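Student: Take a look at the following structure, please.
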Amino acid sequence: MYKRQDSSLRALIALERELLRAGATHVKPGGVLVYSVCSFEPEEGAETVAGFLREHPEFEAEDAARWVPEAAVSYANLALPFAETEKTVVESD
C-alpha cells in the first residue's frame with residue numbers, strides 16, 4: 001500500500017486547488033466545471049471543493065451524476081444544494 005507523507009499531501013492539495021482555480025477561468029457562462037480526484041482524502045475532494053465555493057460564489061455544486069457517466073460516480077460524489085447561477089462546479093472521483 002502506498003502512503004504519502006504529509007508534505008507530499010500538502011503539495012498535492014495546493015496543486016489541485018490551483019488547477020481548479022485555473023480551470024474556472026475557462027468556464028463560459030452556463031458552463032460546467034467538473035472536479036474529479038482519485039483520492040479518498042477529504043482534503044483533496046470535499047474540502048477543496050468547499051474552499052473553492054467559498055472563494056467563487058458564482059459557482060455552485062451539483063450532483064455529478066448529471067454530468068458524468070453513472071459508472072464514474074462513486075460514494076464520494078457530493079451534491080451541495082446552492083441556488084442556480086451561471087457556472088457550476090461538480091466534484092466526483
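Student: Quick one: in the range 21-51, which of the residues that are in a helix (DSSP H, G or I) and within 16 Å of GLU62 (Cα to Cα) is nearest to the chain's Cα centre (by Cα)?
Tutor: Per the stated criteria, the residue is VAL49.
Residue by residue, here is whether (1) crowded, with 17+ Cβ neighbours inside 10 Å; (2) of a type outside the set (D, E, K, R) holds:
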position: GLU16; (1), (2): yes, no
position: PRO42; (1), (2): no, yes
position: GLU47; (1), (2): no, no
position: ASP63; (1), (2): no, no
position: TRP67; (1), (2): no, yes
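Student: Let me ask something else about it. Restricting attention to the range 18-40, report how many residues are open to solvent by 30 Å² or more (accessible area, probe 1.4 Å) and aliphatic (A, V, I, L, M).
Tutor: Of the residues in that region, 4 qualify.
The values are calculated or read from the model by the stated rules, or taken from the named source; none is laboratory data. Owing to the predicted nature of the structure, the values given are computational and were not obtained by experimental measurement. We place every Cβ from the backbone using ideal geometry, glycine too, and count neighbours over all the protein chains shown. We work out accessible area using only protein heavy atoms, side chains counted, and drop any ligands, DNA or RNA first. Shrake-Rupley method; radii C 1.70, N 1.55, O 1.52, S 1.80 Å.
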